DNA sequence: AGCTTTCGGGTACGATGTACGCAAGCACCG
DNA sequence: CGGTGCTTGCGTACATCGTACCCGAAAGCT
């Protein structure tokens, strides 16, 4: 009859989500969990890789693990939290490139690594948008980036600014890249067929005379070589960073 | 009994979607449509603005128009197409800044305008991702950007590269910005409460010793002034473009 | 052994996107 | 003017989704 306060004060979701164990308390009492959050994240990732994010559902993840849908809710608060788990798990897989000590080289390598991860798992970018995911692995990435920029005479705030300048651009770039790729896959057609399909529409636009640059782009057959565009974009951004660096 | 081919060959979805009229054929026969695609787009946009994208549903848009859910499918193939419509309608609203003739100024203005549009309609970025949306208004934006870069001694391909460099960065930047904002709204707490809420988790990370830069960032109280970061990022990117410009 | 605490997962509900089909409205041909 | 054939309007129906609720099973602790 004593009015005991609850055994543990409620932890905010952030803290709960990233606890090393999935157990809801620290005590070892009660039935032990049958799965780990890493297992769950992996199962979800496998599904997203194979069938796309839009096919990812709690039920599918559960049956992939050989359990019922509702069991997952012992490990994550909701689907949103599952997604955060997936993101951080992914970021954790990323192999951080070795540092050479030359900041340009190292920034390049970091950007390339970030792009590669996102290309290998096209759903990543879409899922990471809209959620902050301050998981341990995401932070590890930040630490790596910051350490590259250390010693260039920048303030901490400036270092952070530059790190996020690069990250933002990589994210934006890859998004464009994936979009281009997605539209072709979604249509289920080959590139050839797809081109053929929209040809009349393009013709129509061009002959309207309202889009002279677009017309030239199409006519001169400028195609999107994303690899090259990425390198050249990186060139420009790094040049910009160098230009605004305090003189040494 | 004659094996007539269908009156009109099936148009690819792109061409159908952007036809000026919503009618499914050019003929004036049959019952005239009761709505316009612009009307539908506006209704959908109003809902997304008021309740967020996740609350956007075909049924809601329909009842906002005073009609049944399935009627919408006479105007758009599916929800995906409705979203494309919304995006292009939005882009069409954007007021393109006047050109001054100084490319740096004009590029800046374009970037600022793009950011403002996305901030005013937070759902825009999320919806535009994953779909190419080559609507008339999107192309108008492209034309504007290209015209700014014309006459700097760049090839068409280079101009396009630079245009998309800026766009990509703006997209990436705004995404980060909106994410930060969204997490606070979603939690339903004030900034103060939210900070308090994750404090123990942050403490925990910092005391682990694994994240020295993160720790300094928190301790020095570096906050994200997005307006300033945007300006400074723009500085760096434009500096980078200038640095790789052919000497004049 | 019994008590306490935790996990497992079935059932059920409300919401969503949309396939299907039929009724209603309008233009044109006879 | 009345039919004919096209078009749009939209109710019904279904599969699928996230997840609230609940209770039985399983595992320490005393």
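Bear in mind these aren't lab numbers, they're just calculated from the coordinates by the rules spelled out. Model, not experiment: these values are computed from the prediction. We place every Cβ from the backbone using ideal geometry, glycine too, and count neighbours over all the protein chains shown.
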**Asked** Most mobile of A:193, A:177, A:158 per a Gaussian network model of chain A (Cα springs, under 10 Å)?
**Response** A:193
**Fill in**
Residue-normalised 222 nm signal for the protein assembly as shown, counting each DSSP H run of n ≥ 4 as -39,500 (n - 2.57), nearest 500 deg cm²/dmol, is -20500 deg cm²/dmol
**Request:** Going by C-beta contacts inside 10 Å, put B:202, B:237 in order with the fewest on the left.
**Result:** B:202, B:237
**Message:** As a footprinting exposure proxy, order A:176, B:231, B:102 by other Cβ within 10 Å, with the fewest listed first.
**Reply:** B:102, B:231, A:176
**Message:** If you fit an axis through the alpha-carbon atoms of helix A:191-208 and take the longest principal axis of the Cα set of chain A, what angle between them do you get, 0 to 90°, nearest 10?
**Reply:** 60 degrees
**Asked** Once the Cα atoms of helix A:136-149 and of chain A are each reduced to a long axis, what angle between those two axes, in degrees from 0 to 90 to the nearest 10, is obtained?
**Response** 50 degrees
**Message:** Run the label-point distances for residue B:99 please: 7 Å along Cα to Cβ, every other copy, nanometres, shortest first.
**Reply:** 4.6
**Complete:** note: region A:97-243, Cα-Cα separations exceeding 28 Å make up a percent value of 36 percent
**Fill in**
To the nearest 10 degrees, the tilt of helix B:156-187 (Cα long axis) against the first principal axis of the alpha carbons of chain B is 80 degrees
**Average Cα contact separation per residue, chain A, under 8 Å, 6 or more apart, as relative contact order %** = 15 percent
**Fill in**
Taking the convex hull of the alpha-carbon atoms of region A:75-123 and averaging its shadow over every direction gives an area in square nanometres of 4.1 nm²
**Whole-number D in µm² s⁻¹ for region B:28-156, Kirkwood Cα-pair radius fed into Stokes-Einstein, 37 °C, 0.692 mPa s** = 201 µm²/s
**Request:** From zero up to wherever the largest Cα-Cα distance of chain A sits, split into 10 Å bins and tell me the percent of pairs in each.
**Result:** 6, 23, 25, 22, 16, 6, 2, 1, 0
**For region A:136-156 versus region B:85-123, the gap between their alpha-carbon centres in whole angstrom** = 32 Å
**Prompt:** P(r) of the protein assembly as shown in 20 Å steps, Cα pairs, percent per bin?
**Reply:** 19, 52, 25, 3, 0
**Label 7 Å beyond Cα on the Cβ vector: residue A:150 copy-to-copy distances, nm** = 5.0
**Complete:** Going from the fewest other Cβ atoms within 10 Å to the most, one would list A:147, B:207, A:167 as B:207, A:147, A:167
